[in-house]
Amino acid sequence: MDGNARLANVAWEALFRAQATLAREFERDGDWAHLLPREYGVLYALSTASGGMRITDLKEDALLTQAGISRLVSRLEKRGLVERADDPDDARACRIRLTAKGVEVQRRVGRAHARQVAAAMTRALSPSQLEALTDLGRALIAGSQPGHTNQHSSRERN
């Protein structure tokens, strides 16, 4: 394995372990109000879409499979946190949106989760490191998009 490949794998391992470690901490110590973290993730995604979301878009946002998102939405619907509504752009489709109860739960859990995330991130990283991490995460996402061909590091571009 050459130096770049080795470094890429070491970086991936560090990123993966950091995310998994923080996710476990958030799940263990968080106030999820009887929600699973994935359920909260769906409520959060819906909170950013005033007209609701099609289940296919929600699936992409929540990083779940079609079957997984369908079951999760059904559970949230049974608990009165989301509802299905006709899609004004496509009579064959529906949109999933938060109910008033869903909005309240998402806001309450979201505030607590935001405090927990801020505490975990700022105990280990400076503001400039947080900015760099944000840039790096966005670069990785952009680089994983179909058709992306730029394989140069930021050092090579600068």
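The values are calculated or read from the model by the stated rules, or taken from the named source; none is laboratory data. Predicted, not measured: the structure shown is a model, and the values here were computed from it. Methodologically, a virtual Cβ is constructed for each residue, glycine included, from the backbone with ideal geometry; neighbour enumeration extends over all protein chains shown. Note: accessible area is taken over every heavy atom of the protein model, side chains too, but ligands, DNA and RNA are not part of it. Shrake-Rupley method; radii C 1.70, N 1.55, O 1.52, S 1.80 Å.
Scanning the chain for DSSP H helices at least 20 Å long along the axis (C-alpha atoms) with a Kyte-Doolittle mean no lower than -1.0 picks out 3-29, 100-124, 127-143.
Find the relative contact order for the chain and round it to a whole percent, using C-alpha pairs within less than 8 Å whose residues are 6+ positions apart. Don't jump to the answer; show the numbers that get you there.
Values: 109 pairs, mean separation 32.8, N = 158.
RCO, the chain: 21 percent.
Each of Gln129, Leu15, Ala100 was placed along the dipole of the chain (beta-carbon charges, centred on the mean Cα), and the one lying farthest toward the positive end is Ala100. Protection proxy ranking, highest mean first, for peptides 131-138, 75-82: 75-82, 131-138, where packing is the per-residue count of other beta-carbon atoms within 10 Å, averaged.
Dipole check for segment 41-155: with +1 at the C-beta of Lys and Arg, -1 at the C-beta of Asp and Glu, and the Cα centre as origin, the magnitude is about 560 Debye. For segment 22-74, what ratio Rg/Rh do Cα atoms give with a Kirkwood hydrodynamic radius? The Rg/Rh ratio comes out at 0.99.
Taking each pair of distinct Cα atoms in segment 1-149 once, what is the resulting Kirkwood hydrodynamic radius in Å?
Numbers: mean 1/r = 0.0570 Å⁻¹.
Answer for segment 1-149: a Kirkwood hydrodynamic radius of 17.6 Å.
Per the 1.4 Å probe, what fraction of the accessible area of the chain, in percent, lies on carbon and sulfur atoms?
Values: 6070 of 11210 Å².
Taking all protein chains in place, the chain shows 54 percent carbon and sulfur surface.
Close amide H contacts of Ala93 (hydrogens built in the peptide plane, cut-off under 5 Å, sequence separation of 5 or more or a different chain): Asp87. Contact order, relative form, for segment 28-119: 34 percent (alpha carbon pairs under 8 Å, 6 or more residues apart, mean separation divided by residue count). Summed over the residues of segment 30-70 and divided among them, the accessible surface reaches 53 Å² per residue at a probe radius of 1.4 Å.
Amide H contacts for Arg54 (H built 1.01 Å from N in the peptide plane; partners 5 or more residues away or on another chain; cut-off under 5 Å): Ile96.
Largest mean-square fluctuation among Leu64, Leu130, Leu72, in a Gaussian network model of the chain whose springs join Cα atoms under 10 Å apart, belongs to Leu130.
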